[in-house]
Structure formats: C-alpha cells, structure tokens
Amino acid sequence: MVKRNILAAALFAAFFSAMLYAEPLVSPSWGYRIDLPEEYQYRSGDGRDKFSFQTSGGASFELAVYPPGNQASFPSVEALAADVKKRLNSSGEISVFAYRNKKAVLMELEFSLPTPPGTRNRAQNTRLSGWGLCMELEARQTGTPLILALAYGDAAKEELQILYFSALDSLAPAPGDQYSPGPITEFTYPRGNRVRVSPFGLALEAFACEHDPEGAQALVDREFEVLQRSADKPNWKEAWTRFYRAIYRDSFSRLSEIAFALERHWAVPGAASGEQNRGDLAGKGLGWVQTFSYERDLLGSDFVNLVSAAIEGRGDCDSRAMLWAIIMEQANIPAAIMVSADYGHAMGLIDIPGDGARFEWDNKRWLVAETTAKVALGRIGQRVSDPAHWLGITF
C-alpha cells in the first residue's frame, strides 16, 4: 500500500507540474489529454478524478471522471448529461454525436447561482452560461469510464465564449485522439467524405476529406483569437507555443494521406533506407514548400491552414514550416519549428545529420530549414541568426 501511495503521489506531481509549466495535461490514471488556454490556472482537485481551473476574468473549467462500476457512475453519456442538466437546472440544449467511434454529448449551459453573501443586491442571482462535454474514455475490462468537462462563466461576458470552445476542443479522450481534430471542431465542422486532391505543383494524386480546409481554418482563426488575449501578458511565449500545438493536433491526421503520397513521390527508387534517404526526403520536401506563394493576412490570423497550403501552394513562413515539419514527422523523421517575434519569422527544424546551422532546443541540436528562400537545409540568413531571438516549438 505504501509503494502504491508513493507511485500515486509521483504521478500526481508529474500531472500537477504540467499545470504549472504550460504543458498539455495527460492523466496517468485515465489516459486523456487536455491543453487548456494559458489564461486558466489550477484551483483545486483530488489528483485523480476531479480538477478545477479558473481565469482572472471569471471563466471556470471543471473536469471530472466517472469510473465504471462505482456508486457515482452513469450507464451512458446521455444519462450523465441529463443528470448535469437537472442538477444545474440548465435550460440549454443537448446534442448527441460520435467522436472517433466514441459517444459524446455537447450541452449548452444556461443556469443561475445564488449571489454570494455580502453582495449588495442579494435578490438577483448570478446568470451563468457556457458549454459542457460528456465523452466516453478508453474502454476497460470493468467498463467504459466517462469524462465530464464544463466551461462556463458570467453570461454577460460574451467574450469568454472563445475560451470555452478552445478549452473543450483541446480534450483528447484517448491517446490516439491527440493527433486528430478536437471534439468541438469535429462537431461543428464534420470532415465529410474522402476526396481526391493534388498537392501543389505535382502530378500526384492524394486524398483528404472534403471539409478539411474549412474546419482547419476555423480552428486557426479561433485559436488566433485566444492567442491575442495573451499577446501582452508575461506568458505570451507559452500562449504562442499552445497556438501552434493546437494547429499541429488539428492538422496531423488531415494531412496523413497527402504526406504519405508525397513521401512515396520523393522516395529514390532502389535507395536503401537510412540517414542519406532521410536527408534526401527532407531536402525535397523543403524545396517543395519553398515554391509556395508568399501570403500574409495582417488583419487576421496570418496563418493559412495546412490543408489549403498543401493543395494550393500558398502561405507565410510559419504555415510552410509547420506543413514541412508534419510531413517529416509522418515519415518518422523528428521535426519541429522555431518562431521569432523579434524577427517576425519562422523556420523548420529537423533532427538529422548534416552540415549547417543548428538550433539547440529540447535537448537536441536541430538542423534549421528556411522555407521562404531557395536555400539548402542548414542555411540561415545572418540577420536572423541569433539563437537568443528564437523560440523552439516541439510537438
């Protein structure tokens, strides 16, 4: 029992440290992952099944797991949602949908809480609104655990809605879900049927889902709004990192068939696998994104979603760098990006042998990849070469 308690304490310490250092939270007990906006701060919890967060602006986020087979369990997500609606006396609508072969319920929350003692106008209750998500977690021998996430706040503060959707969408109920669009994005923008597409500038056929560009761009635009809320805050680097993490998660599976087709297209016939082949693939991929049209939107997110970038051949430096990094990762080549607020620039990073400039980040010496000029791997302009002005982002 002592060893078990020590292990539980260690696992909770790891979970809690992630809360403090702006990393996605991964439950060692249940396997879910969540990546809350940086504004949320941990308030309380039991270290296993219940956690509570809040922002300084009054947005609350509650998370609870209902294990199968105990007194607090529910037979289905519908039953859990109905219980929440009854307990809160919420008048919002309930929608049932499927998320990656798991049943889920999205709840609109509209309820009131008594005004705290000492408030001048005690007769008026506090009106709250937001959204709730009930989902199945990964099934176990004893049954299927359920997770409940509630994101809500003062109904008069409509600007908080963007935080609610971002927080709920960051939930990945099982390890395999962390590289797929989130549940809110999937509910709002169903991916639709697989359709044939052609990667930009290549006589090549691949597949994507018909609504992927629209869904991916909606995610980018929403997360850019969330990022802007922290642009002048001390944690702006963490918020910037989360912005790219959210895009990476949403885009990875959307690009999987395109990336596979490109890898086959660039493979050298008869070449043996190894570092030389990896370097060849990285160089051809880099040369491809370097041919894209340079495009910026100074009034918006300034980021072309990666599906449109791959098909239409357009985008700014960070769109190209992320697209290239995902294609490399899909080919099992470790890749990342680095961004600079001072230089207003982004570049790719890759972990392969080779000559050229390297950037030390996350215990690796990454080879740099400039995506907006026709230069080879490892080349970087002198005016943007100071490592102190760059932020590395791994996924």
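The values are calculated or read from the model by the stated rules, or taken from the named source; none is laboratory data. Bear in mind that the values here come from a model prediction, so they are computed numbers and not experimental data. For neighbour counting, all protein chains shown are included, and Cβ atoms are generated from backbone atoms with ideal geometry for every residue, glycine included. These accessible areas exclude ligands, DNA and RNA; they are computed on the full protein's heavy atoms, side chains included. Shrake-Rupley method; radii C 1.70, N 1.55, O 1.52, S 1.80 Å.
Structure summary
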| read-out | value |
| --- | --- |
| Simple label model, 7 Å out from Cα along Cβ direction - SER56 to ALA373, nm | 4.0 |
| Partners for LYS237 among aspartates and glutamates (Cα-Cα distance below 13 Å; same-chain residues under 8 apart left out) | GLU23, GLU38, GLU39, ASP342 |
| HN-Hα J in Hz across region 358-367 - Karplus 6.51, -1.76, 1.60, θ = phi - 60°, x for Gly and Pro | 10, 10, 8, 7, 6, 6, 9, 9, 7, 7 |
| Accessible area of the chain belonging to carbon and sulfur atoms, whole % at 1.4 Å probe | 50 |
| Chain lengthening between HIS389 and ASP83 when straightened (0.36 nm per residue, less Cα-Cα) | 105.0 nm |
| 27 Å Cα-Cα threshold exceeded, pairs from LYS50/LYS103; LYS50/LYS102; LYS85/LYS157; LYS102/LYS364; LYS50/LYS86; LYS86/LYS157 | LYS102/LYS364 |
| Debye, to nearest 20: dipole size of the chain, +1 on Lys, Arg Cβ, -1 on Asp, Glu Cβ | 880 |
| Degrees separating the helix 275-289 axis from the principal Cα axis of the chain, which is the longest one | 80 |
| Nearest-ten-degree value, helix 212-228 long axis tilted from longest Cα axis of the chain | 70 |
| With Cα atoms, 0 to 90° folded angle of helix 236-252 axis to the chain main axis | 80 |
| Charge sum, other residues only, whose C-beta stays under 10 Å from PRO67's C-beta, Lys/Arg counted +1 and Asp/Glu -1 | +1 |
| Cβ-based net charge around ALA357, under 15 Å, with every Lys or Arg adding one and every Asp or Glu removing one | 0 |
| Once the Cα gyration tensor of the chain is diagonalised, semi-axes √(5λ) in Å | 40, 23, 22 |
| ³J(HN,Hα), Karplus 6.51/-1.76/1.60, whole Hz, each residue of region 89-105, x for Gly, Pro | 6, 7, 9, x, 7, 10, 10, 9, 8, 10, 10, 6, 6, 10, 6, 9, 9 |
| Residues whose placed amide H lies under 5 Å from that of LEU137, excluding near-sequence neighbours | LEU146, ILE147 |
| Cut-off 14 Å between beta-carbons: net charge of the residues surrounding GLU78, Lys and Arg +1, Asp and Glu -1 | +1 |
